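These notes concern the structure reproduced below.
The values are calculated or read from the model by the stated rules, or taken from the named source; none is laboratory data. Because the structure is predicted, anything quoted here is derived from the model rather than measured. So basically every Cβ, Gly included, is an ideal-geometry build from the backbone, and we count neighbours across all protein chains shown. The accessibility values were calculated without ligands, DNA or RNA, using every heavy atom of the protein model including side chains. Shrake-Rupley method; radii C 1.70, N 1.55, O 1.52, S 1.80 Å.
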Amino acid sequence: MTTPPVASELNLCLCHSCDLACDMTGEPQECERCGAPLHRRKPNALTRTWAYLLTSLVFYIPANVLPVMNTKMVGAGADSTIMGGVLDFWQHGAWDIALIIFIASIAVPGVKFVALTLLLVTVQRDSQWARKERSKMYRFVELIGYWSMLDVIVVALVASLVKFQALADIEPRVGILFFGLVVVFTMLSAMSFDPRLIWDQHHSNHEEVMDEVASH
């Protein structure tokens, strides 16, 4: 039973801008339809992914340690971190907002850090373990990445709602800036990773086996 050919065997490359399957005969530098640069693989994908991921990890520390908002009730103000805000909302009965902030600010970044690290390490080790599942994991990381900004949106929304009350006020603090940077750099990290690298070693091994079988 023969396996279907891959793009590299057909000398094709997919344009990342318009999704045109471009003929790479003569190694063209630009897509013939939209003019976007063509790359068989994203240049320096692993290096750039590691750089963005480590940068986001550095920003993740102050994002959780520094206060993200200041709540004033009847003249008395108190700063709260992300986790502190989750507990405050939960204790005051706003469990839905607390759950949204926890998922968007704690769970999602943690999942992305673990998933991207796993993808990078397995690709660098040329691992053949669960290639299909790792490809699905990468698509999942891309999907949830954009929802991480929910925390920033919730703080802004709550602040605007509370300002309508005469005795209460909420102001953002510097921690929300660091969290925004965490979201941006994790998104850049996911965008820099090339999921085709998961399969490259697999296809090269398959070609070697097929050549060896043909020679016998």
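For the reader, a short list of remarks on this structure follows.
- Note on the range 39-72: among residues that are at pLDDT below 80 and aliphatic (A, V, I, L, M), the one that is farthest from Ile176 (Cα to Cα) is Met69.
- For the range 98-134, a residue qualifies if it is aliphatic (A, V, I, L, M) and open to solvent by 50 Å² or more (accessible area, probe 1.4 Å), and the qualifying residues are Leu99, Ile100, Ile103, Val111, Val114, Leu118, Val121.
- Of the residues making up the range 1-48, those that are assigned to a loop (DSSP other than H, G, I, E, B), among the charged types (D, E, K, R) and either open to solvent by 90 Å² or more (accessible area, probe 1.4 Å) or touching a helix residue (DSSP H, G or I) at 6+ places or on another chain (Cβ under 9 Å) (or both) are Glu9, Asp19, Glu27, Glu32, Arg33, Arg41, Lys42.
- Glu133 fulfils the conditions (1) modelled with pLDDT of 85 or more; (2) under 23 Å from Ser56 (Cβ atoms) except for a single criterion, (2).
- Scanning the range 79-97 for residues that are open to solvent by less than 60 Å² (accessible area, probe 1.4 Å), within 18 Å of Pro62 (Cα to Cα) and hydrophobic (A, V, I, L, M, F, W, C) yields Ile82, Val86.
- Subset of the range 22-46 (residues that are of a type in the set (Lys, Arg) and within 23 Å of the chain's Cα centre (by Cα)): Arg40, Arg41, Lys42
- Verdict on Ala94 being out of contact with any Leu (no Cβ under 9 Å at 6 or more places or on another chain), modelled with pLDDT under 80, farther than 30 Å from Ile198 by Cβ and among the small types (Gly, Ala, Ser): yes
- Residue within the range 199-206 that is modelled with pLDDT of 85 or more and open to solvent by 60 Å² or more (accessible area, probe 1.4 Å) present: no
- Selection count where residues are touching a residue at least 40 places away in the same chain (Cβ under 8 Å) and closer than 17 Å to Pro195 by Cβ, scope the range 1-42: 4
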